[in-house]
1. List, please: which pairs have Cβ atoms under 9 Å, are six or more places apart or on different chains, and start with a residue in the range 7-29 that is farther than 19 Å from Val111 by Cα and end with one that is modelled with pLDDT under 95 and of a type in the set (S, T, N, Q)?
2. From (1) at pLDDT below 95; (2) closer than 19 Å to Lys26 by Cα, pick out the condition that doesn't hold for Ala118.
3. Limited to the range 100-147, what total is found for residues that are more than 26 Å from Ala72 (Cα to Cα) and either in contact with a strand residue (DSSP E or B) (Cβ under 8 Å, 6 or more places away or on another chain) or of a type in the set (Asp, Glu) (or both)?
4. Six or more apart or on different chains, Cβ under 8 Å: which pairs go from a residue in the range 47-71 that's free of Cβ contacts under 8 Å to residues at least 12 places away in the same chain to one that's β-branched (Val, Ile, Thr) and not in a loop (DSSP other than H, G, I, E, B)? Could you list them?
5. Restricting to the range 1-36, name every residue that is part of a loop (DSSP other than H, G, I, E, B), surrounded by 13 or more Cβ atoms within 10 Å (Cβ to Cβ) and β-branched (Val, Ile, Thr).
6. Identify all residues within the range 47-83 that are modelled with pLDDT of 90 or more, among the β-branched types (Val, Ile, Thr) and assigned to a helix (DSSP H, G or I); write none if there are none.
7. Pick from Thr66, Thr60: which is among the β-branched types (Val, Ile, Thr) and either loosely packed, with under 15 Cβ neighbours inside 10 Å or over 26 Å from Leu119 (Cβ atoms) (or both)?
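The values are calculated or read from the model by the stated rules, or taken from the named source; none is laboratory data. Note that this is a predicted model, so its numbers are computed, not measured. FYI the Cβ positions are ideal-geometry reconstructions off the backbone, even for glycines, and counts take in every protein chain you see.
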Amino acid sequence: MATFNLQDSPGHLLRRAQQYADDLYKGEVGGDGPTPRQFAVLHTVSKDEGLSQTDLVRRTGIDRSTLADMIARLTKKGLLARQRTKTDARANAVKLTAAGKKMLSSAENKVLKAEDQALSMLPKTQQAQFLKALKSYAEALDKIEAEQMAPRRQPAAATKKAATKKAPAKKRVTKKAPAKKVAAKKAPAKKAPAKKRATKKR
């Protein structure tokens, strides 16, 4: 049985790298700027305004409930604006406001600086390979999420079977045997009282 080794744990190593990248980000962007996820949303919207929230889930990798909460907060802050899409009245299209564009512009160079510092932990000869591995990992996650979000299709055989439903079987009527008539018992005939035999007087 394999034994757990913390130094070989991909989850532990990824969390360490993520924590360091977050610290660098906060040090450059500061508390007044967007969080890493907020920056990802603002940047993605700036590249293609009018995206729906479902599109943003696919492009940022942020789960649906978290993204919906983020967009609500960014809209409340006046950084994003929402409106119903033309193709689907139930979906919201998102675009940057003037304030959102300004925040994104002021944060972009700081984010680039933090990213460079994060990569500088590795020799330049390893940086490209490291990024390639991270992209491959992200693409594998995208594929899984796309499969989960896609509507499930029934197998052709199952669809055909469902289309040709068998008519419900007719219930077989079982004839009931005629009820036997219970013969009514005749009351015994009453016997006429015996006549008294007259005795002759002698």
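1. Final answer for the pair search is Leu13/Gln7.
2. (1)
3. Counting residues in the range 100-147 that are more than 26 Å from Ala72 (Cα to Cα) and either in contact with a strand residue (DSSP E or B) (Cβ under 8 Å, 6 or more places away or on another chain) or of a type in the set (Asp, Glu) (or both) gives 4.
4. Pairs that qualify, where the first residue is free of Cβ contacts under 8 Å to residues at least 12 places away in the same chain and the partner is β-branched (Val, Ile, Thr) and not in a loop (DSSP other than H, G, I, E, B), are Asp63/Val57; Arg64/Thr54; Arg64/Val57.
5. Selection gives Thr35 alone.
6. Residues satisfying the conditions are Val57, Thr60, Thr66, Ile71, Thr75.
7. Being among the β-branched types (Val, Ile, Thr) and either loosely packed, with under 15 Cβ neighbours inside 10 Å or over 26 Å from Leu119 (Cβ atoms) (or both) holds for just one of Thr66, Thr60, which is Thr66.
The rows are residues; the columns are (1) surrounded by 12 or more Cβ atoms within 10 Å (Cβ to Cβ); (2) polar (S, T, N, Q); (3) not in a helix (DSSP H, G or I).
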residue	(1), (2), (3)
Val94	yes, no, yes
Ala99	yes, no, no
Lys102	yes, no, no
Asn109	no, yes, no
Leu112	no, no, no
Ala140	no, no, no
Ile144	no, no, no
